[in-house]
Amino acid sequence: MKRLPARQPPLVFAFIMSALMSFLMSAIITLVNTGLDAGFLLRWMKAWLVAWAAAFPLVFFMAPLS
């Protein structure tokens with residue numbers, strides 16, 4: 001199995017962690033706030049893009065501090 005270069009794992013970790021967490025949290029919050037109807041998926045994807053844009057840099061810079 002091919003390994004990532006030494007400087008890549010923090011970037012990959014930040015991408016995966018921020019994508020998954022923002023994806024799930026935006027789904028739950030959108031569902032609670034607006035309900036499940038025909039426009040849910042579009043509202044969720046818009047919310048997820050905003051959430052991920054904030055989550056990625058936060059995870060990337062804050063994860064090494066923990």
Run through all the Cα pairs of the chain and give the fraction in each 5 Å bin from 0, expressed as whole percent. 3, 18, 22, 18, 13, 11, 7, 5, 3, 0
Taking only protein heavy atoms and a 1.4 Å probe, what accessible area per residue, in Å², does region 7-66 have with all protein chains in place? 73
Take the solvent-accessible surface of the protein heavy atoms, probe 1.4 Å, and return the percent of it on the chain that carbon and sulfur atoms account for. 79
If the chain between Asn33 and Leu58 were fully extended at 0.36 nm per residue, the gain over the current Cα-Cα distance would be 6.6 nm
Within a Cβ distance under 15 Å of Phe23, other residues only, what is the Lys/Arg minus Asp/Glu net charge? +2
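The values are calculated or read from the model by the stated rules, or taken from the named source; none is laboratory data. Note that the structure is predicted; figures quoted are calculated from it, not measured. Note: ideal-geometry Cβ built from the backbone for every residue, glycine included; neighbour counts use all protein chains shown. For the accessible areas, the whole protein counts, side chains as well, though only heavy atoms, and no ligand, DNA or RNA atoms are used. Shrake-Rupley method; radii C 1.70, N 1.55, O 1.52, S 1.80 Å.
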